[in-house]
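Data first, discussion second: the structure below is written as structure tokens.
Nothing in this text is a laboratory measurement; each read-out follows from the coordinates by a stated rule. Just so you know, these numbers come straight off a predicted model, no measurement behind them. So basically every Cβ, Gly included, is an ideal-geometry build from the backbone, and we count neighbours across all protein chains shown.
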Amino acid sequence: MPEKRSFYEATEFSFLAPFAANWVEIRDEVLASRERAVIFPDPQGNILAPGSTWQKFELHAWGLPVRKNLALLPGTRKLLGEVPRLMQAAVYILGPNSHITPHEGYTDRVLRTHVGLRCPDGCALRVGREVREERDGRILVFDDTNEHEAWNRHETDERLVLHLDFVKPELPYGEEWFKELRLLIARQFSQMIPIVVAAGVDADPEIRADFLSGRLPLPRRDASGLTNEQWSDFDAWLAAG
């Protein structure tokens, strides 16, 4: 079996060219709005090295738009609308002196892209045996089913990248697969659903049915960190079923 490619060239995917041309505008939108964004909890906190910080400002989650966050970034939203078969989009914020330890992705059907928005010295990504530096405006496309890790060794500055997952162009595509993946992840990390719903994601009715039937336990409200308004949004979503 031939060895999997680690990195692809951004020029192989014409729909990425507008991101290279407009990364400054994307960065400025993110910096202006990040304090108002709904930040999803990270179900993979176990891949962070001790003392590291990492946040995800989600824009598309498993094929569904995160409406409240997208409303903050109108220019970025327009660019994302031109990405064919987009599965996920988010701004990843990796703190100074932080390390995302080696791990592998969920599925071999997608390719992952990082668009550098604010990358201080000391930021890099290793995929397989290859390491590439992350820089402002640089686009890195890679197969995340290879073991990969990322780090920001700068003492004071965060690393911000726009993260995209899109279905490989050569593979057949159907919304059914997105839904199967959503249901798998939602059932594995059901504690995320209230904040996902509060962020404006149209969560699948099968998940609501799982909560209402008791197949999934309702998240603990005293340990969630959600606001009363977010709980109200979740309660309204449950009641709609």
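Using the Cβ atoms and a cut-off under 11 Å, what net charge is assigned to the surroundings of D210, where Lys and Arg are +1 and Asp and Glu are -1? Mind showing how you got there, number by number?
Values: positive: R187, R208, R215; negative: D204, E206.
Net local charge, D210 excluded: +1.
Show me the ranking of peptides 101-110, 197-206 by mean Cβ neighbours inside 10 Å, starting with the highest.
The packing order, highest mean first, is 197-206, 101-110.
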Task: Shape call, the chain: gyration tensor on alpha carbons, a/c limit 1.5 - done: prolate
TODO: Would you give the gap between the C-alpha center of region 47-75 and the C-alpha center of region 142-162, rounded to a whole Å?
DONE: 15
Open item on the list: Which residue, G174, A150, V161, has the largest displacement toward the positive end of the dipole of region 137-190 when charges sit on each Cβ (Lys, Arg +1; Asp, Glu -1)?
Closed with: G174
TODO: Based on the mean of other Cβ atoms within 10 Å per residue, sort peptides 89-97, 66-74, 232-240 so the most packed one is first.
DONE: 89-97, 66-74, 232-240
Task: Calculated FRET efficiency for the pair S213/W177, C-beta based, R₀ 30 Å, to 0.05 - done: 0.75
